[in-house]
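Asks: Okay, here's the structure, questions in a sec.
The values are calculated or read from the model by the stated rules, or taken from the named source; none is laboratory data. Predicted, not measured: the structure shown is a model, and the values here were computed from it. Cβ coordinates were reconstructed from backbone atoms using ideal geometry, including for glycine residues, and neighbour counts include every protein chain displayed. Please note that ligands, DNA and RNA were not included when accessible areas were found on the heavy atoms of the full protein model with its side chains. Shrake-Rupley method; radii C 1.70, N 1.55, O 1.52, S 1.80 Å.
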Amino acid sequence: MLKRFIWIALLLPLSITSLSAQTVTLNGYLTEEGSGEALIGGTVYVPEAEAGAYTNEYGFWSITIPPGDYTVIFKYLGYLSDTVSISLTENTTLDRPLKPEGTELATVEITAEDLAAKEDVQSTRMGAIKMNMKEISLVPVLGGETDVLKVMQLMPGVSQGTEGTTGMFVRGGDADQNLVLLDEAIVYNTGHLFGFFSVFNPDALKDMTMIKGAFPAQYGGRLSSVLDLRTKEGNLNKFHVKGGIGLLSSRLNIEGPIIKDRLSFSIAGRRTYIDQVFKTVGINIPYYFYDLNGKMNFKISNKDRIYFSTYVGDDVLKVSEEIASDDEQDTTSTSTDLFNFGFELGNTTQTLRWNHLFSEKLFANFSLIHTTFNYNIRGSFVDNSILITSRIRDLGAKADFDWFVSPKTHVKFGAGSIYHRFRPNVVSTAGEISDFLSSQQGSLINNQELYAYGGVDHEFSNRFKVNTGLRLSSALTVGSTFYPGLEPRISGRFTTSEYSSVKASYSRMYQYMHRVSSSTIALPTDLWYPVTEQVVPQNADQFAVGFHQFIPKARLSIEIEGYYKRLRNLIEYREGAQLVLNDNFEEDLVNGTGDSYGMEVLLRRKRGRLSGWIGYTLSWSTRQFDELNNGQRYWARYDRRHDLSVVSILELSKRISLSGVFIYQNGSRFTAQVGQYFQPNATLTGVDVIPIYTDRNAIRMAPTHRLDLNLVIKSDPLNDNDEPKRFKTEWHIGAYNVYNRASPFRINIETTDTGYKYTQPGLFGLVPFVAFNFEY
């Protein structure tokens, strides 16, 4: 069966009916008027030919149709649509800029959102979530800081980990099974402040897409999801400044042309200043984080463009204690450091991309990618010092091609390589501490990933459309062990009406690395390791079926999907295993399997005075390891039976809006101690206390629910002459957890007269916030 599928996937492009020689190709770029930013996922439609196309990740589109007189319609959510009449006699390039819409379009009956929702119904995409930054900015989150990862946690199928953190557990997977890409570069550490804030500055981002199933063939390397983030390219025509001041951090974004219409830049920075604020009142909080995003966009010609983007982010903690030293021979006193401790935890990424148009139908992107992740823990006390560090460095190269064969056929193919260098557990010590913790360089572990892929999206009829793909992945370890991976992908849709369809998909994913974590929150001691001779790759198969419906009059889209996922070669650690400073980690690993299945419902309204979504997930997630829990299957830690999110955005007027978030979800699971017994110790001079536990993860924490509110007040966008103002402001005033019901954060065990009592203290009660944003 698998061999037959592979042959079908490879031969499908050759079996497509050849086009008539009497055709011409119309292509171009869809951009934002004024800035020149590419519009990703925009719609180009030619009604007379019943042909259309989506713009790719760089705004490029192509349609091949017979010569003739046509009307070409350009649409993108949040922008004014554009219509062009054209007479086609030969291949033609038609670049179009779209203008951001104003409030005057609120009464237009057919909108870009309506067309996009209709095409979502008619596409083969499943388990995909696409959001624009304007929508994300209105959703209230902890501290009033816009956070793309926490907004993703509000979607069905995406569960949060610990309260307030940015960890994502997608369709029963683990947190390290999410592929997070920033301008195509892998981001290993996605959280600041132990995971309570994401590393992504919202002012630097322009587009975000999350995929939970029906994975396109170009994505791989993780089992559960793909989060693809794209940053702003920089305004090609005029300078633009945007920023914000919140309770925890401030940010600033500056973009503009270096050479008008040819070369532009964008720089965005963010930093916490909580350490500086508290210092003014005599309180020392020795922690801060910062981010810096930069990008340059060079339009060489109509066929060639170059992009260079970079990201640098770090968490810094420095703690010190001093003791006074008085010299009997001198009346002056000095102070010396008794204790110093600190850590740094950071990512850097650089991506160099070249877009080239080989023909009117063939678009190519070539990328060189560099990524680093490292943490440094430093400490000194009296005459002792210690440094613990871990590093990852990736060097990658890839080529991706878009071939717009015809309006009914789109082919994507490409290949790439990533060279990983892992050096975990580097230790340097001095003083007496070196007697029991000696210095070590840590093992240098190299790993090479190679892949090639091809995918075809073909519409067989107005009702039936299929996307087939095949990804060939592999990893070469230090010991020359070669792990190949065959990853077939297929998804299809059958339209039952103009605005409804039934979809189904299957995909296989391989993962060639894993993360060692000793806590439920992100700590600097979390380590990434590649596959080795003893640690084999993880893989997963996922099946999904769904029903998609769009109701034009209500502007409401409905998505219902059911899924089943089988995970293999999952990794856990033996009871009592040493997770930190362990170079022989392979000996403490055990392998097992997992199953997850469930149903997701998403009701979403993107436009109108009342917009937002309702997401509900009913799911089960289990694990089975021969060496854990007596070999019996057990519930995964973040198995949450019910997960409900309600997000609403109400536009009270052109300047004032009110948004709210309500969440209800079952608690995570834990292994409880239910008793203890006594037995004589080995010397027979006393007794040992032996605890008695339940089965692994047998007890569920209490369910949690909360309400968040956010009031947004914008300045008047027009001046006295009814012209747009150059300087605009907005205030965000709201509260996280309005009715002050703290969600359980950890488990405390207390001894009572009758046995044991567990308490579940919360972390965050009512947290009011205020933030000020500006744009010039």
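Asks: Give the cross-link partners of residue 279 among the lysines, using a straight C-alpha distance below 25 Å as the criterion and excluding same-chain residues fewer than 8 apart.
Replies: Here the lysines satisfying the reach criterion relative to residue 279 are 318.
Asks: Here's something else I'd like to know. Which lysines, if any, have their Cα less than 17 Å from the Cα of residue 757, not counting same-chain residues under 8 positions apart?
Replies: In chain and number order, there are no partners.
Asks: Semi-axes of the equivalent ellipsoid for the stretch 543-672, please: Cα gyration tensor eigenvalues, times 5, square-rooted, ordered largest first, whole Å. Write down the numbers at each step before the final one.
Replies: On the way: eigenvalues 343, 68, 30 Å².
Its equivalent ellipsoid spans semi-axes of 41, 18, 12 Å.
Asks: Under a 1.4 angstrom probe, counting protein chains only, how are 620, 354 ranked by accessible area, largest first? Before the final figure, lay out the partial values.
Replies: Details: 620 75, 354 100 Å².
The ordering from most to least exposed comes out as 354, 620.
Asks: Counting only heavy atoms of the protein chains, get the accessible area per residue of the stretch 628-776 (1.4 Å probe) and round it to a whole Å² value.
Replies: Value returned for the stretch 628-776: 58 Å² of accessible area per residue.
Asks: Take the alpha-carbon positions of the chain, form their convex hull, and give its projected area averaged over all directions (one quarter of the hull surface) in nm². Write out the running numbers ahead of the final one.
Replies: Details: hull surface 164.7 nm².
For the chain, averaging the hull's shadow over all directions gives 41.2 nm².
Asks: Report, to the nearest whole %, how much of the accessible area of the chain belongs to carbon and sulfur atoms, 1.4 Å probe, protein only.
Replies: Values: 19620 of 34360 Å².
Ligands and nucleic acids excluded, carbon and sulfur give 57 percent.
Asks: A further question on this structure: If you average over every viewing direction, what projected area does the convex hull of the Cα atoms of the stretch 649-776 give, in nm²?
Replies: Values: hull surface 53.5 nm².
Average projection, Cα convex hull of the stretch 649-776: 13.4 nm².
Asks: Distance cut-off 28 Å, Cα to Cα: go down the list 412/565; 232/465; 206/728 and report the pairs above it.
Replies: Details: 412/565 26 Å; 232/465 33 Å; 206/728 19 Å.
Pairs exceeding the cut-off: 232/465.
Asks: Given the rule -39500 (n - 2.57) for each run of at least 4 DSSP H residues, summed and divided by the residues of the chain, what is its mean residue ellipticity at 222 nm, to the nearest 500 deg cm²/dmol?
Replies: Values: 5 runs with 41 residues, N = 776.
For the chain, the value works out to -1500 deg cm²/dmol.
Asks: To the nearest 20 debye, what is the magnitude of the charge dipole of the chain about its Cα centre, counting +1 on the Cβ of each Lys and Arg and -1 on the Cβ of each Asp and Glu? Don't jump to the answer; show the numbers that get you there.
Replies: Details: 76 positive and 85 negative charges, 512 e Å.
Roughly 2460 debye for the chain.
Asks: Treating the angle as unsigned and between 0 and 90°, give the value, to the nearest 10°, between the Cα long axis of helix 2-15 and the longest Cα principal axis of the chain.
Replies: 30
Asks: Note down, for the stretch 351-466, the three equivalent ellipsoid semi-axes (square root of 5 times each alpha carbon gyration tensor eigenvalue), biggest first, whole angstrom. Could you put the intermediate results ahead of the total?
Replies: On the way: eigenvalues 525, 38, 25 Å².
Taking √(5λ) for each Cα gyration eigenvalue gives 51, 14, 11 Å.
Asks: While we're here: If exposed means no more than 15 neighbouring beta carbons inside 10 Å and the site is in a DSSP loop, what's the longest run of the chain without any exposed GluC sites (Glu not before Pro)? Present the calculation step by step, with values, prior to reporting the outcome.
Replies: Details: sites that count: 33, 50, 90, 109, 328, 498, 533, 575, 627.
Counting only loop sites that pass the neighbour cut-off, the longest clear stretch is 110-327.
Asks: Please work out the average accessible area per residue across the stretch 473-573, using the 1.4 Å probe convention, and give it in Å². Write out the running numbers ahead of the final one.
Replies: Details: 3740 Å² over 101 residues.
Counting only protein heavy atoms, the per-residue value for the stretch 473-573 is 37 Å².
Asks: First select every other residue whose beta carbon is under 9 angstrom from the beta carbon of residue 654; then total the charges, Lys and Arg +1, Asp and Glu -1. Please report the intermediate quantities before stating the final value.
Replies: Numbers: positive: 655, 714; negative: 651, 716.
Neighbourhood net charge equals 0.
Asks: Additional query: Return one number: the angle in degrees, 0 to 90 and rounded to the nearest 10, between the long axis of the Cα atoms of helix 112-122 and the longest principal axis of the Cα atoms of the chain.
Replies: Helix 112-122 sits at roughly 80 degrees to that axis.
Asks: What pairs from 553/714; 503/553; 295/654 go past 31 Å between their alpha carbons?
Replies: Values: 553/714 29 Å; 503/553 23 Å; 295/654 33 Å.
Those over the limit are 295/654.
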